[in-house]
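This report concerns only the one structure given below.
A short reminder: the numbers here are calculations on the coordinates, not readings from a lab. Bear in mind the structure is a predicted one, so any value in this text is a computation, not a measurement. Don't worry about glycine lacking a Cβ; one is built from the backbone with ideal geometry, like all the others, and counts go over all protein chains shown.
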Amino acid sequence: MSHRLSGFLLALGALAAGLPLVANTPPSQATQTTKTETVKFAPGGTIRLKDSFGTLTVEGWDRPEVEVTVVKSLGFVSEPEQRANQRLDGVHVVTERKSDTELEISTTAPSLGFLGHLWLKGHDVAVEYLIRAPRNSHLVINHAGYISVAGMTGDIEATDRRGDIVLMLPDLAAYSIDAHTKAGLVTSDIAATTRKKHLVGENLSHSDATVPHKLVLRMGFGGITIKELPPEAATPK
């Protein structure tokens, strides 16, 4: 039997047995990094989240500082650890204190393009943000993915390209509301002054010139939920 035919038969046998053809293929593994930083920040300032994506959670507390935890991860991949870490390092999250009253948390990531996303399907970097901030901070959010905000009492402006926005606030009566989805529902624990349903989207507004705060929410594809946070869940930390 020739060496070529022998090799061919061995390959067929490996396929039939479900064995990998390359013996040195690295095993699949989950790759993840976590980073936490704390910035002194007086209550009442503005916190801007620029170009974030993935899962964003913002929680209010009574400390004069902002704590930012970012978890970057890949699914189970079989590529070398060094290459996987390079992909994680390609997503940069930078916290910058612009002034005593303004903080910016910006995210940059390499552009994969259409073909890149097809080739790397299932291997894109997933990002989770957990931000704890003074309760009465003004939030300005530009995001793609899931947004959860709980225990905040300041103005909130949020634009989300796709995903869901869920707000759990201790005093909805203190807010005027301007919420709009291109495709999705808007639900609220406070009665709307105006509600307009479109073919696939919805507008909800509640105007009151006497209230001190506002919610301005824009969703591309997904829903908006505005809930009243029970008093026992809003106990200062």
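Laid out as a table, the results:
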{"item": "Set K182/K214; K35/K98; K50/K214; K72/K197; K50/K197; K35/K227 screened for pairs whose C-alpha atoms are more than 26 Å apart", "result": "K72/K197; K50/K197; K35/K227"}
{"item": "Amide H within-cut-off set for K214, under 5 Å, with H built and near neighbours excluded", "result": "D155, I156, S176"}
{"item": "Kirkwood-type radius of region 28-234, with distances r between different C-alpha atoms, in Å", "result": "18.1"}
{"item": "Fewest-first sequence of T210, T57 by Cβ atoms within 10 Å of each Cβ", "result": "T210, T57"}
{"item": "Neighbourhood charge, 13 Å Cβ-Cβ cut-off, centred on T31 and excluding it, Lys, Arg +1 and Asp, Glu -1", "result": "-1"}
{"item": "Region 122-148 and region 152-194: distance between their alpha carbon centers, rounded to Å", "result": "16"}
{"item": "Residues I190, I147, I105, sorted so that the one with the fewest Cβ neighbours within 10 Å comes first", "result": "I190, I105, I147"}
{"item": "Under 5 Å, built H, 5+ apart or other chain: amide partners of R135", "result": "W61"}
{"item": "Summed residue charge, Cβ within 14 Å of A84's Cβ, Lys/Arg positive, Asp/Glu negative", "result": "-1"}
{"item": "Within region 28-234: Cβ-based charge dipole about Cα centre, in debye rounded to nearest 20 (Lys, Arg +1; Asp, Glu -1)", "result": "580"}
{"item": "Which of S188, S111 has the fewest Cβ neighbours within 10 Å, and the rest in rising order", "result": "S111, S188"}
